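Asker: One structure follows; several queries about it will come next.
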Amino acid sequence: MRPFGLRDKLGYMFGDFGNDFTFIFASSFLMVFYTKVLGISGTMVGTLFLLARFIDAVTDVTMGRLVDTMRPAKDGRFRPWLRRMAGPVALSSFLMYQSAMAGAPMPLKIVYMYVTYILWGSIFYTSINIPYGSMASVLSTEPAHRASLSTFRSVGASLASLVIGVGGPLLVYSQDEQGNQVVSGGRFTLIAGLFSVLAILCYVLCYWMCTERIKNPLQKEAERPKAADILQALLKNRALLAIIGAAILLLLAQLVLSQMNNFLFMDYFKNSAYLSAINMLGTLLTLVMAPFIVSLTGRFGKKETGSLATAIAGAAFLMLFFLRVKTPVAYIAFAFFGYLGLSYFNLIIWANITDVIDYQEVCTHHRDDGTVYAVYSFARKAGQALAGGLSGFMLTAIGYDELAHAQSEVVNEAIYSVSTLVPAIGLLLVALILLLLYPLDRKTVQANTAELKRRRGNG
């Protein structure tokens, strides 16, 4: 079998590149499309995001059990799902952004919003993202290799963020005669179609370039543990519970920041051109730090460096909340340190999940890559839903007028507060969870890797 190498890393990078052509676009702009183009209230959108997560509680875990229990295909357990579901994910994403629905009656728009969003997020995206995320644990057993996969995955997400975060605002927004930022619905549809095509291309590259090397020993056994027993074991997995808590708060902080930045720069700073600049900042920081991740985590540990990075990020946004800066340049200058810590933790988070999967196997003597990843994936979606729900509810609570071209000064100040305080609290809590509750420090990870090698006769 071909040794693990650069081809696997690049292939895994393209997988998240494909994921995030739909996920990051939805996380950053779907709220704007629903409120500004379709005219649906922020409360109604937030309710959709929250209700969809109840569906995810079923579909995520079901998908995880499927990839753990189904007979492997000739091309592996996880890779086949890339070729099966690439088309449905891309098409359902495109259907969410149909500006022609703007003239439809409000009840029809709401039904259309629910159907297309649930098809994309709860069914098709789940059916490709969980196998893709689980696949990292079977490409290699080495911690350094897995750290590099996490890094390359984050680089893929950063490249998608660069395209979406920098190009999106320039294409989606335009300026009216009074200097206010307005949204073009027709452009939304065209951009969504282009991103769907690019997503399919990236999935194909991921499928072709990655090789599954680690076989699940339980695939050869007549009986597998019952789902109820596995879930009971997961509830006792301290590492999983801690990383779930961290993931929910991380997504809450990151996506509220991403979503509210649209309104912050459009309404508070009245200059959406700087939105591209701050989106590019996070991407550039990720790309600059990526080459150093393996050496930093190998020397100091993922838990140790991750807790420090998120503490710095939280402190930076807390400072912005109290400073109340008035110019986009000053905001970006202080936000640099927030994005620095946030980008670092995003580079290592996926390697934490493979560590948790190993920890589960050490404790239970059976491996459940898909189930563990599915539970974690649901936690991320819960964070996404809380972020979307909170953003929508807060917009309504502060009196945001979806149809107005300009907001009042009171509303603008409230937008600033939400955009800085919520990310600050979320990131500081992530740092505390990693520091105090997450048990997989550098020495523990090394010991778990050695134990699993011994059990498989490789150490």
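The rows are residues; the columns are (1) more than 25 Å from Gly185 (Cα to Cα); (2) in a helix (DSSP H, G or I); (3) open to solvent by 20 Å² or more (accessible area, probe 1.4 Å).
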| residue | (1), (2), (3) |
| --- | --- |
| Arg7 | yes, yes, yes |
| Tyr34 | no, yes, no |
| Met44 | no, yes, yes |
| Arg53 | yes, yes, no |
| Thr59 | yes, yes, yes |
| Leu82 | yes, yes, no |
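Asker: Can you tell me which residues in segment 323-357 are farther than 21 Å from Leu250 by Cβ and either open to solvent by less than 10 Å² (accessible area, probe 1.4 Å) or out of contact with any Phe, Trp or Tyr (no Cβ under 8 Å at 6 or more places or on another chain) (or both)? Quick ask: steps written out before the conclusion?
Answerer: Restricting attention to segment 323-357, the residues satisfying the condition of being farther than 21 Å from Leu250 by Cβ are 323-333.
Those that are farther than 21 Å from Leu250 by Cβ and either open to solvent by less than 10 Å² (accessible area, probe 1.4 Å) or out of contact with any Phe, Trp or Tyr (no Cβ under 8 Å at 6 or more places or on another chain) (or both): Lys326, Ala330, Tyr331, Ala333.
Asker: Pull out all pairs, ordered by first then second residue, where Cβ-Cβ is under 8 Å, the residues are six or more apart or on different chains, the first lies in segment 48-63 and is within 22 Å of Leu82 (Cα to Cα), and the second is of a type in the set (Lys, Arg) and buried (at least 20 other Cβ atoms within 10 Å of the Cβ).
Answerer: The qualifying pairs are Asp56/Lys381; Asp60/Lys381.
Asker: Let me ask another. Look at segment 337-368 and say how many of its residues are of a type in the set (A, V, I, L, M) and over 21 Å from Arg380 (Cβ atoms). First the steps, then the outcome.
Answerer: Our first condition is that a residue be of a type in the set (A, V, I, L, M); within segment 337-368, this holds for 340, 342, 347-349, 351, 353, 356-357, 362.
Filter once more, so that each one left must be over 21 Å from Arg380 (Cβ atoms): 340, 362.
Number satisfying all stated conditions: 2.
Asker: Could you list all residues from segment 238-273 that are open to solvent by 10 Å² or more (accessible area, probe 1.4 Å) and aromatic (Phe, Trp, Tyr)?
Answerer: Within segment 238-273, Tyr268, Phe269 qualify.
Asker: Of a type in the set (A, V, I, L, M, F, W, C), open to solvent by 40 Å² or more (accessible area, probe 1.4 Å) and within 18 Å of Phe25 (Cα to Cα), is that true of Met280?
Answerer: Yes: the conditions hold for Met280.
Asker: Considering only residues that are of a type in the set (A, V, I, L, M, F, W, C) and open to solvent by 60 Å² or more (accessible area, probe 1.4 Å), which ones fall in segment 433-446?
Answerer: Kept after step one, since they are of a type in the set (A, V, I, L, M, F, W, C), are these residues of segment 433-446: 433-437, 440, 445.
Scanning segment 433-446 gives Leu435, Leu436, Leu437.
Asker: Another question, if that's okay. So which helices (runs of 4 or more DSSP H) stay within segment 340-459 end to end and still have 2 or more residues that are free of Cβ contacts under 8 Å to residues at least 12 places away in the same chain?
Answerer: So the answer is 409-436, 442-455.
Asker: I've got another one for you. Mind checking which helices (runs of 4 or more DSSP H) fall wholly inside segment 121-208 and carry at least 3 residues that are modelled with pLDDT of 80 or more and open to solvent by 20 Å² or more (accessible area, probe 1.4 Å)?
Answerer: 143-161
Asker: Please state which one of Val410, Val422, Val375, Val430 is open to solvent by less than 20 Å² (accessible area, probe 1.4 Å) and either among the aliphatic types (A, V, I, L, M) or in contact with a strand residue (DSSP E or B) (Cβ under 6 Å, 6 or more places away or on another chain) (or both). Explain how you work it out, then say what you get.
Answerer: Working: Val410 fails: open to solvent by less than 20 Å² (accessible area, probe 1.4 Å); Val422 fails: open to solvent by less than 20 Å² (accessible area, probe 1.4 Å); Val375 fails: open to solvent by less than 20 Å² (accessible area, probe 1.4 Å).
One residue alone meets the criteria, Val430.
Asker: Scan (1) over 26 Å from Asn412 (Cα atoms); (2) crowded, with 22+ Cβ neighbours inside 10 Å; (3) small (Gly, Ala, Ser) for the single condition Ala311 breaks and write down its number.
Answerer: Going through the list (1) over 26 Å from Asn412 (Cα atoms); (2) crowded, with 22+ Cβ neighbours inside 10 Å; (3) small (Gly, Ala, Ser), Ala311 breaks only (2).
Asker: Identify, please: which residue in segment 92-120 is touching a Ser or Thr at 6+ places or on another chain (Cβ under 7 Å) and touching a residue at least 60 places away in the same chain (Cβ under 8 Å) and is, among those, most open to solvent (accessible area, probe 1.4 Å)?
Answerer: Checking each candidate, the answer is Phe94.
Asker: Among the candidates Ala315, Ala330, single out the residue that is under 18 Å from Leu427 (Cβ atoms) and over 19 Å from the mean Cα position of the chain (by Cα).
Answerer: Sole residue among the options that is under 18 Å from Leu427 (Cβ atoms) and over 19 Å from the mean Cα position of the chain (by Cα): Ala315.
Asker: Of all residues in segment 94-119, which are under 22 Å from Asp20 (Cβ atoms) and assigned to a helix (DSSP H, G or I)? Break it down stepwise before answering.
Answerer: Step one: filter segment 94-119 for residues under 22 Å from Asp20 (Cβ atoms), giving 94-98, 113, 116-119.
Residues satisfying the conditions are Phe94, Leu95, Met96, Met113, Thr116, Tyr117, Ile118, Leu119.
The values are calculated or read from the model by the stated rules, or taken from the named source; none is laboratory data. Because the structure is a prediction, the values reported are computed rather than measured. Every residue, glycine among them, receives a Cβ derived from its backbone with ideal geometry; neighbour counts consider all protein chains shown. Remember, those area values only see protein heavy atoms, side chains included, never the ligands or the DNA or RNA. Shrake-Rupley method; radii C 1.70, N 1.55, O 1.52, S 1.80 Å.
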